[in-house]
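Readers should treat all values here as calculations from the given coordinates under stated rules, not as data from a laboratory. The structure displayed is predicted, hence computed values, not measured ones. With ideal geometry, Cβ positions are generated from the backbone for all residues, glycine too; neighbour counts draw on all protein chains shown.
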Amino acid sequence: FFEESQLLKGLPSQFFATLVQKVNQKIAAGNDVINLGQGNPDQPTFDYIVKALQKEAAKPQNHKYSQFRGMHSLKQAAADFYQKHYQVKLDPEKEIAILGGSKIGLVELPWALMNTGENLLLPDPGYPDYLSGVALGKVNYSTFPLKKENNFLPDYAEIPAADAQKAKFIYLNYPNNPTGAVVNREFWAETVAFAQKYQLGVVSDFAYGALGFEGYKNPSFLQAPGAKEVGVEFYTFSKTFNMAGWRIAFAAGNASMIEAINLIQDHLFVSVFPAIQAAGVTALTAADEEKEVARLVAIYEERRNAFIKAAAQIGWKAFVPGGTFYAWMPVPEGYTSESFADICLEKANVAVAPGRGFGARGDGYVRIGLLVSPARLIEAVERIGKLNLFEK
Ligand code: PLP
């Protein structure tokens, strides 16, 4: 009866929707499906944060509308967190914006900071929601490849000057979804130099910032000299503290970009539930914070190691992820990412995410979510191994 707007018609199709449907059908039919297709953390929110929420939720002052643009105490805690972990100084009121999840900010950004028809530079493969921002902001984009031979980092020298010149912003995401690639501080310095050369802004999606293996501390983009002049970083509570369902995140960095992000928020959204913001302060500042995050990283690292070892035994060669909770795995000869995902589901009862859903360059890969126990990961690989698709 009512028709959706032209704007909504421009949204990208939800590539994974059919996969989720197929997986659910299989489970409903009584199959023991090992679901490695999702990106939803399986661990509970750390106990000290749940306890803080219980206390905060009982306080009547937290039942009212939040302060517009979020509580000062949370912005201060976010600034202190960046100071402690990354030695980055941020003005809590001017350089931090509170968000109901980083997805909101990443999708709103083109709308907030670009005009119709202006251009973005996006990674391929990349997090699919960046394209929702393209559609809602009515902007154009070109992609730059993340190639295996370059450890899934962009090669700035290879991005065509014409693409860089017309782009207003570049989106980067390290540790990377879907590839698991991580970067070092020099990479962020090169990024700032690239942004300065072409006068473009940087959007760093640091969703997996806390998740680095073998003791690796992922650097923040904001640590690079000059970063605050050219960009912002999005930091979410979803992965660091297993708070994906709580919907809380912040953006940090360039004051004029933060102001534009806040301005859009003013018109759409008062702010996150005050009790969640107050629990967010505890999440960032409690004495247990580092210990709990380290425990979580150890869980993912154990799974990564179990999965990679099992995969090697069936001849499935991995790019070893340096962070995140994903493994980006090549598909066997003769398969597309979708046909391989289909056979894994149909014949092995293992769900994996087809790389094509992350961009054209994802087609030779599937993404494995390391979100089940090591034993289940090993079982998943053994089931796939029985299909005899890889040469040992
Ligand atoms: N960015 C990346 C790369 C992600 O993988 C995700 C979630 O999966 C997000 C952003 C969104 O996180 P949030 O829960 O803060 O909206």
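The dipole here belongs to the chain: it is taken about the Cα centre, uses +1 on the Cβ of Lys and Arg and -1 on the Cβ of Asp and Glu, and is about 460 debye.
About its Cα centre, the dipole of the range 117-189 is roughly 140 debye, where the only charges are +1 on Lys and Arg Cβ and -1 on Asp and Glu Cβ.
Computed from phi, the 3J(HN,Hα) profile of the range 319-327 under the Karplus parametrisation 6.51, -1.76, 1.60 (θ = phi - 60°) reads 8, 6, x, x, x, 6, 10, 10, 10 Hz, with x in place of Gly and Pro. Sorting 95-102, 368-375 by average packing, meaning the other beta carbons within 10 Å per residue, from highest down gives 95-102, 368-375. Helix content alone sets the calculated 222 nm mean residue ellipticity of the chain: runs of n ≥ 4 DSSP H residues at -39500 (n - 2.57) each, divided across all residues, give -12500 deg cm²/dmol.
Summary value for the chain: 23 percent relative contact order, contacts being C-alpha pairs under 8 angstrom separated by 6+ residues.
Around the amide H of residue 365, modelled in the peptide plane, lie the amide H atoms of 331, 337, 355, 356, all under 5 Å away and 5 or more residues distant in sequence or on another chain.
For a straight C-alpha distance cut-off of 20 angstrom, the lysines reachable from residue 51 (same-chain residues fewer than eight places away being disregarded) are 59, 239, 291.
Here is the size of the range 97-177 from its Cα atoms: Rg then Dmax, 12.9, 37 Å. Projecting the Cα positions of 282, 293, 331 onto the charge dipole of the range 275-349 (unit charges on Cβ atoms of Lys, Arg, Asp and Glu, taken about the Cα centre) puts 331 furthest along the positive direction.
Restricting the range 302-392 to GluC sites (Glu not before Pro) that sit in a DSSP loop and have at most 14 other Cβ atoms within 10 Å of their own Cβ leaves 333, 391.
Taking amide H atoms as placed 1.01 Å from N in the peptide plane, the amide H of residue 151 has no partner under 5 Å among residues 5 or more positions away or on other chains. Of the three principal axes defined by the Cα atoms of the chain, the extents in descending order read 57, 55, 53 Å.
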